[in-house]
Amino acid sequence: MKNFEIVNYALDSLKNKGAQKAQCIGTFSTTWELTALSGNIELLRTINDETSIDMKGYFDNKMGGISISTSDLSVIDEAAQSCLDNSKGAKADETPAMNEEAVVKVFGTPAKEPDLEKLIFRTNEFLDKAREMYPNVLIRQMIVLYTVEESIYKNTFGVDITEYEDVYSVNIMFSGFDGDLNSSFNTYAFALKDLETPIMDVALVSKRLAEAEKMVHTHKYPEKVVGAMIVTPHCLKDFLGQLMNAYASPNALVGGGSKWQNALDTKVACDNFSLYSKPLDENMAYNNHYTSDGFIAENQAIIENGVLKGMFADHYTAAKTGLPRRKSGGRFFVIPKGDKTLDEMIASVEDGIIINRFSGGHAGASGDLSGISKNSFYIKNGKLDEAARETMISVNLSDLLMNIDAISVETVNDGSSDLPYIAVKNVTIL
Amino acid sequence: MNIDILKPYLSGFNAPTELRAHTNYANNIMLTQGNIIVNSQSDISGIFARTYKDGIYGASSCPGFSEDAIKAALKGAQQNADILALTSKNKNYKLPDIPNGFMPAHTKFVKHPQSYLLDFVSQLDAHIANRYKDLASRTVHLIEQCTTVSLAVTEGYDVERVLPRVHIKIKLVAKDANGAPVDITGTLGGGGLFADHFKNPSDFDEQLDTLYNMLMDKRDGVYAKAGEHDLILDSALAGILAHEAVGHTVESDLIRGGSIAKSCRNQRVGSDLVTLIDFAHTALGETVPLPIYVDDEGTKAEDVIVIKDGILLDYMSNRFDAPLINTTPKGNGRAFNYKDEPIVRMRNTCIMPGKDKLEDMIKSTENGYYLISWGNGQADGTSEFMFGITMGYEIKDGKLGKAIRDTTLSGVAFDMLKTVTMIGDEIKWAANGTCGKKQPMGNAMGGPALKCRATLGGR
């Protein structure tokens, strides 16, 4: 049975149980994964035919859902019955929760088989180069994946979307060392369309390893400073995730308690700051062509020239709150480049820090956020100073956006985002 | 699927090989403002096989429990081992011996109809809405999970395991004087079955009142003063301290990767008052929240005494790593999902209780903070740690003062534990947490209240 027939079967099964409205998302993938620990590959794992079928049915406007991991038809039939059973205790809710306009689309083509030899070669090549070029850096863990995926969305309104994707993902954890002394763990993760480029030459990999060697001997400034924080692109991605989760996600918006609930078309950031979610950007290693409620995904402005232009209210949240429906399913953040080089940004900081990793709490509804700046260097009088130890950063996400002082001309594409360095003023550094 | 079905497929495998049938079952129900946002179940099942050859592992997984899935997983594991062994750099490395045996399951999972669970959550939500009229928003989120495993091995213990847990998270949001949202989250439940924890929604009035009152205090809260302070960590925080600040630092993969704990063995890392144990299945005469009798590598589980009277004694390890870090495998190799390989994980990690009363600990603090609940935490190989603090109070002249807004606690564990001067006499366990180290594994953590010094974020 082909994958689209399995999803059809699941949708029909829900209808046969009495669902007036229903949607099914089937995801079918195979992943090949290499894991290296302490510099040597120790595992080759294949996750064959990983299947996820998410079924959601509405029975007299009462919703029931289930997720199963097999395409066995008898299990699908049982799952449809569970959806019906699950809906029985639910309160009827007529709010629309999925695309109700028919659309049929296919994105991409079925992917190729992996070149396991090349996967192993590129991984060993990187591990050997790292040992040779950065003898004082230990690659603690490296995970290299190749995933091929077919994803199918269907609902009872005639929405029928199929997406084929294949992507390489690399996640490296490393630390510098000097005898028994070690630096804090660094991590660097990115996605690739292919393995044509040696991993050492991708994005900021080499720069990050070189920095790790300088992070073994750390220092802590004795006094609190209210100064500038330069956020690196990979760290900025974490801050953006916190921002969206606290202010712009369906969960933040549906309860009515988000700080951005009534902020559309108002100023929420500095004039020089724009933020987009671009799931269709062809420069990304992979794309996301549809949302989880069955709409064709589009690139979306979140903030343009400091003004809030869009959030991630799904169809249900939009109908509940009156907010516009999201165009993008989320993530794939892009911030246009600014007008200063990173060196110029550092040179303009009298007292501050450049932060590579943020180890902190989750921002709540207030946007208050504090945490430890990891893998970071102090900046003093316009120059990089010592590596920072146990240095706490305290910000509020709303203030952070309003206090952006500079954006770099350099941007870094990690396969699922394209971001610059940004400098933020008035940050409490302790 | 039981062991008797799996075991025959291992005949012909002479190398260390594992064959695992694994199901993760979950119920997920979330109501926000009474609206059902999530009402779903998941049932993720499949076969995992792993075989060892010349210093490397080959592994493979397939969904479902069919004979084809079992055969394909075993064949894939062998093929991957054969491919990777060609470039292995540890061809002569041998895994340590482990004892053989069989361990049956210690409990059964009782499924409730989703409608029963939804009814309970709806009643609890209505109860909260009626009891606390001035909330800006409320969310009630139930997650019931059960992992069922049958593991057959060529070396070690075969095991059947059923490991349920359930919790309900309650998030309350209020507006402060400026109209800005302030939130707090509390958790009910723990290891075991739904019926072990939940009978009537009104049974939780005391906990709900405490949560609501703390939110009202937090609404008028102040920012903590950034810097190092005398702190009283509530027993609810001791568990995350055990897990994040110390536990990760002594996991064998981190030790191999340069954790500071590598050079601290048999050295003082805490005050005499500090003893920390990763329990396998029984602590202080009682079954722990998430008991592990045999891990997912077939190693019979034992406690790991990590710190005793302030001295670092041992590490947590899987079978592969144990000889490399001069210890023995004690059952810390755990896999989250059917597709996952076992990696080094904590089980029930706990700081042992002392003799002090919480009230006396607060009274003994002239200026500082009493920290009550946390949102998340992270660790580092340097033993630097951080926890997001979601509720706490100032302490002034031995008495509780104003509530504080969300902040972050940080420190260097092996320095901070040396500042522990008082330890409470009551342990609290939490079994609702999920550790995100590669796989989102459920862990239990526990401990008593502690008096110590560490750094708070703030203004």
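The values are calculated or read from the model by the stated rules, or taken from the named source; none is laboratory data. Computed from a predicted model, the values in this text were never measured in an experiment. FYI the Cβ positions are ideal-geometry reconstructions off the backbone, even for glycines, and counts take in every protein chain you see. Accessible surface is based on the protein model in full, side chains and every heavy atom, while ligands, DNA and RNA are left aside. Shrake-Rupley method; radii C 1.70, N 1.55, O 1.52, S 1.80 Å.
A few comments on the model shown:
- When every Cα-Cα distance of the stretch A:3-213 is counted in 10 angstrom steps from zero, the calculated P(r) takes the values 8, 27, 21, 17, 16, 9, 1 percent.
- When DSSP beta bridges are restricted to pairs lying wholly in the stretch B:3-219, around 95% turn out antiparallel.
- Interchain or long-range residues, amide H under 5 Å from B:HIS281's placed H: B:ILE292
- Longest exposed-site-free window of chain A, the sites being GluC sites (Glu not before Pro) in a DSSP loop that have at most 10 other C-beta atoms within 10 Å: A:283-430
- Residue-averaged 222 nm ellipticity for chain B, from DSSP H runs of 4+ at -39500 (n - 2.57), nearest 500: -5000 deg cm²/dmol
- Accessible area in square angstrom per residue, the stretch A:225-429, 1.4 angstrom probe: 34
- Accessible surface buried upon B-A contact (total; probe 1.4 Å; Å², nearest 100): 6000
- Rg/Rg_ref, the stretch B:28-110, where Rg_ref = 2.2 N^0.38 Å and atoms are Cα: 1.69
- Listed by chain and number, the lysines whose C-alpha is less than 17 Å from the C-alpha of A:LYS91, apart from same-chain residues fewer than 8 away, are A:LYS21, A:LYS56, A:LYS62, A:LYS320.
- Sulfur and carbon atoms: percent of accessible area, the protein assembly as shown [1.4 Å]: 48
- Accessible solvent surface per residue of the stretch A:149-195, calculated while the other protein chains remain in place, 1.4 angstrom probe, Å²: 31
- Backbone geometry of the stretch B:337-354 corresponds, through the Karplus equation with coefficients 6.51, -1.76 and 1.60 at θ = phi - 60°, to 3J(HN,Hα) couplings of 10, 4, 7, 8, 7, x, 10, 6, 9, 6, 10, 10, 9, 8, 8, 6, x, x Hz, x marking Gly and Pro.
- Radius of gyration and Dmax over the Cα atoms of chain A, both given in Å: 23.7, 71
- Close amide-amide hydrogen proximity is noted between A:LYS21 and A:TYR58, each under 5 Å apart and 5 or more residues distant or on a separate chain (H modeled in the peptide plane; Pro and chain starts excluded).
- In this structure the stretch B:227-456 gives 31 Å² per residue of accessible area when probed at 1.4 Å with all protein chains present.
- Members of the stretch B:84-124 that become less accessible by 50 Å² or more once partner protein chains are added (1.4 angstrom probe, chain alone as reference): B:LEU84, B:LYS89
- Reduction of at least 30 Å² in accessible surface, 1.4 Å probe, comparing all protein chains with the chain by itself, residues of the stretch B:41-69: B:GLN41, B:ASP43, B:ILE44, B:TYR57, B:ALA59, B:SER61, B:PRO63
- Taking θ as phi - 60° and the Karplus parameters 6.51, -1.76 and 1.60, the scalar couplings of the stretch B:330-335 work out to 10, x, 9, x, 10, 10 Hz in sequence order, x denoting glycine and proline.
- Long-range HN-HN contacts of B:LEU313 with modeled amide H, under 5 Å: B:ASN266, B:ILE307, B:LYS308
- Relative contact order (%) - chain B, alpha-carbon pairs under 8 angstrom, separation at least six: 16
- Here the alpha carbons of the stretch B:122-171 define both size measures, Rg and Dmax, at 19.6, 61 Å.
- Tensor-based shape of the stretch A:225-429 (alpha-carbon gyration tensor, a/c under 1.5 rounded, otherwise prolate or oblate): prolate
- Relative pair counts by distance (%), Cα atoms of the stretch B:227-456, 5 Å bins: 1, 7, 15, 20, 20, 16, 10, 6, 3, 1, 0
- Other residues within the sphere of radius under 15 Å centred on the Cβ of B:PRO113, judged by their own Cβ, net out at -2 (K and R +1, D and E -1).
- Hydrodynamic radius of the protein assembly as shown by the Kirkwood approach over all distinct alpha-carbon pairs: 28.2 Å.
- Eligible aspartates and glutamates near A:LYS337 by straight Cα distance, threshold 14 Å, same-chain separation 8 or greater: A:ASP271, A:GLU304, A:ASP405, A:GLU410, A:ASP418
- The stretch B:279-327: GluC sites (Glu not before Pro) in DSSP loop, at most 12 other beta carbons within 10 Å: none
- Cleavage-rule hits, chymotrypsin sites (Phe, Trp or Tyr not before Pro), the stretch B:109-173, DSSP coil, Cβ neighbours within 10 Å at most 14: none
- What the Kirkwood sum gives for the stretch A:217-322 is a hydrodynamic radius of 16.0 Å, with every pair of different alpha carbons counted.
- Residue-count net charge about A:ARG131 - beta-carbon cut-off 12 Å; Lys, Arg +1, Asp, Glu -1: -1
- List of the stretch A:55-86 residues, accessible area with partners at least 40 Å² below that of the chain alone (1.4 Å probe): A:MET63, A:SER67, A:SER69, A:ASN86
- In order along the stretch A:114-120, the phi-based Karplus estimate (6.51 cos²θ - 1.76 cosθ + 1.60, θ = phi - 60°) of 3J(HN,Hα) comes to x, 9, 4, 4, 6, 4, 5 Hz; Gly and Pro are listed as x.
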